[in-house]
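Notes follow the structure.
What follows is calculated from the coordinates using simple rules that are stated; it is not laboratory data. Every value quoted in this text rests on a predicted model; they were computed, and no experiment measured them. Here the Cβ is made from the backbone with ideal geometry for all residues, glycine too, and neighbour counts use every protein chain on show.
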Amino acid sequence: MRSEEIHQRRVAAVARGVGSTLSAYIDHASGGTLTDVDGRDWIDFAAGIAVTSVGNSAPRVVEAVRRQVERFTHTCFMVAPYEAYVAVCEQLNELTPGGFEKRSALFNSGAEAVENAVKIARYHTRRPAIVVFDHGYHGRTNLTMALTAKNMPYKNGFGPFAPEIYRAPMSYPLRDGLDGPAAAARAIDMIEKQVGASNVAAVLIEPIQGEGGFVVPAPGFLPALAAWTRDAGAVFIADEIQTGFCRTGDWFASSHEGVEPDLVTTAKGIAGGLPLAGVTGRTSIMDSVHLGGLGGTYGGNPIACAAALATIETMRELDLAAAALHIGSRITTRLSALNHPAIAEVRGRGAMIAVELPDADVTALVVRDCHANGLLVLTCGTYGNVLRFLPPLVMPDDVLDRGLDILTTALQSVSK
């Protein structure tokens with residue numbers, strides 16, 4: 001088989017530390033389906049980890065990229081600027097939560113966006129400490145590994161890590177049984193006693209945790225944290241890298257509780273699959289950094305910017321926030337109706353849905369069965385016991401339902 005031939009080449013050429021979920025190698029993708037080089041199909045409940053929300057080859061994105069490639073591929077915005085970078089920043093300033101004046105800067109990846117948000121917060125406050133949360137994930141660079149909670153596979157053996165990172169308890173309703181205000185009070189008490197409010201540069205949190213298990217904090221947790229952060233003179237940073245761009249049924253997950261972050265980090269779904277990331281926030285904070293303090297050779301690449309503008313236009317035209325709500329309702333209705341003894345919880349918002357199972361072994365069995373029958377699913381969670389579903393927001397109902405049929409059969413097989 002062609003996939004096996006490519007895999008043998010991979011073994012000889014690619015570093016062993018780079019893993020893959022599927023053993024097959026993809027040739028093309030569309031309509032919520034991936035097709036490998038041997039002609040086998042998988043229904044895609046991953047979307048490249050919430051990246052291809054508008055599809056793997058959205059027509060507007062394809063055309064925008066083609067036009068830009070023909071004009072120029074790179075100049076470096078810091079050397080010879082171009083309009084598309086400015087236009088993406090304008091869109092981010094408009095779409096991110098908060099009616100205040102904003103500025104944006106563009107980068108290459110989610111981890112790079114997080115690093116720059118931390119840089120900006122520390123520069124603005126002249127304070128060192130960054131508060132993050134149990135189960136949080138923020139990237140694979142040295143600083144973002146320090147910000148990330150889970151050891152394997154992200155941190156193990158890669159230390160020492162960046163200093164002045166402090167971890168607070170997350171609101172995890174299934175496990176802690178606390179309402180939002182009580183969970184926030186617990187976290188704030190820890191911060192005040194172990195860090196000191198006057199030392200905190202920023203509180204950094206995913207409004208819904210991604211790799212940590214799609215943990216949705218109890219209502220009131222995020223607003224209470226945001227209020228305390230501002231009262232402390234610190235910067236409230238929402239890591240919306242996985243939750244952003246219509247994924248949760250709104251443009252950004254912070255909006256579900258009316259939270260207006262000081263800074264928002266974005267990536268993944270921003271550009272239809274091309275590498276682009278951003279930091280957007282209050283003008284007073286973003287513009288506090290000296291000229292030349294932010295940037296990067298490839299940050300805001302013109303091709304990625306063109307793709308982002310086409311992606312945002314597609315999201316508006318197709319109302320993909322509403323599509324995410326529709327997909328999420330369809331998934332949760334099917335899974336909740338199972339009354340499956342192994343399902344501890346079905347949770348999430350919009351088309352960012354997860355199922356928590358008893359342990360990693362059971363979860364691995366379900367994943368293996370799904371993959372064998374043509375459904376690509378991902379796992380997550382500190383304990384490796386969560387199935388996460390991130391279908392493209394343009395997935396047709398019939399494809400979604402076929403995927404849910406495979407998933408249902410896989411779940412029922414483990415109960416037997």
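Quote to one decimal, in nm, the extra length available between LYS155 and ALA12 on full extension: 0.36 nm per residue of separation minus the C-alpha distance between them. Let's see the in-between values first.
Numbers: separation 143, 0.36 × 143 = 51.48 nm, distance 2.53 nm.
Stretched out fully, the LYS155 to ALA12 stretch lengthens by 49.0 nm.
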Task: Distance between modelled label sites at ARG186 and ASN199, nm, 7 Å Cα→Cβ extension - done: 2.3
Task: Residue order, fewest to most surrounding Cβ atoms within 10 angstrom, among ASP176, ASP134 - done: ASP176, ASP134
Task: Cβ-based exposure ranking for HIS135, HIS326, in which fewest neighbours within 10 Å come first - done: HIS326, HIS135
- [ ] For region 60-317, report the translational diffusion coefficient in µm²/s to the nearest whole number, using Stokes-Einstein at 20 °C, 1.002 mPa s, and a Kirkwood Rh over Cα pairs.
- [x] 116
Task: Centre separation in Å (Cα based) which lies between region 398-416 and region 32-81 - done: 29
Open item on the list: Mean-square fluctuation check for the chain, GNM, Cα pairs under 10 Å: which of ALA80, ALA271, ALA232 is largest?
Closed with: ALA80
- [ ] Describe numerically, in nm with one decimal, the distance between label points set 7 Å from Cα along Cα→Cβ at ARG67 and at ALA80.
- [x] 2.1
Open item on the list: Just want the ordering: CYS89, CYS76, CYS246, CYS370, from fewest to most Cβ atoms lying within 10 Å of their own Cβ.
Closed with: CYS76, CYS89, CYS370, CYS246
TODO: Determine the sum of side-chain charges near ILE120: Lys and Arg each +1, Asp and Glu each -1, restricted to other residues whose C-beta is under 15 angstrom from that of ILE120.
DONE: +2
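R0 = 56 Å: FRET efficiency of ARG2 with ASN339, Cβ-based, nearest 0.05? Display every interim value, and only then the final one.
Values: r = 42 Å, r/R0 = 0.75.
Computed FRET efficiency for ARG2 and ASN339 comes out at 0.85.
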TODO: For region 313-377 and region 139-206, compute the distance between their C-alpha centroids and round to whole Å.
DONE: 27
Task: the chain, helix-only ellipticity at 222 nm - DSSP H runs n ≥ 4, -39,500 (n - 2.57), divided by all residues, nearest 500 - done: -12000 deg cm²/dmol
- [ ] In Å and from the alpha-carbon atoms only, list the Rg and Dmax of region 200-290.
- [x] 13.2, 38
Task: Highest-fluctuation residue, GLY196, GLY157, GLY31 considered, GNM on the chain with Cα pairs under 10 Å - done: GLY157
- [ ] Could you work out the relative contact order of region 60-317, using alpha carbon pairs under 8 angstrom and six or more residues apart, expressed as a whole percent?
- [x] 31
Open item on the list: Can you compute the label reach from VAL37? Point 7 Å from Cα along the Cβ direction, backbone N cut-off under 16 Å, restricted to region 256-278.
Closed with: none
Task: Tally of Lys pairs whose C-alpha atoms are under 25 Å apart, taken over the chain, 8 or more apart or cross-chain - done: 9
- [ ] With only alpha-carbon atoms counted, please give the Rg and Dmax of region 22-67, in Å.
- [x] 11.4, 34
Open item on the list: Only Cα pairs within less than 10 Å get springs; with that Gaussian network setup on the chain, which residue of ALA324, ALA238, ALA168 has the largest fluctuation?
Closed with: ALA168
Task: Gain upon complete extension [ALA87, ASN142; 0.36 nm per residue less C-alpha separation] - done: 16.7 nm
Task: Local electrostatic count, HIS371, Cβ distance below 14 Å [Lys/Arg +1, Asp/Glu -1] - done: -2
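At R0 = 41 Å, how high is the FRET efficiency between SER23 and HIS290 if r is their beta carbon distance? Nearest 0.05 is fine. Provide the component values of the computation, followed by the final result.
Working: r = 49 Å, r/R0 = 1.19.
My answer for the efficiency is 0.25.
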Open item on the list: What does DSSP give for the chain in terms of the percent of beta bridges that are antiparallel, rounded to the nearest 5?
Closed with: 65
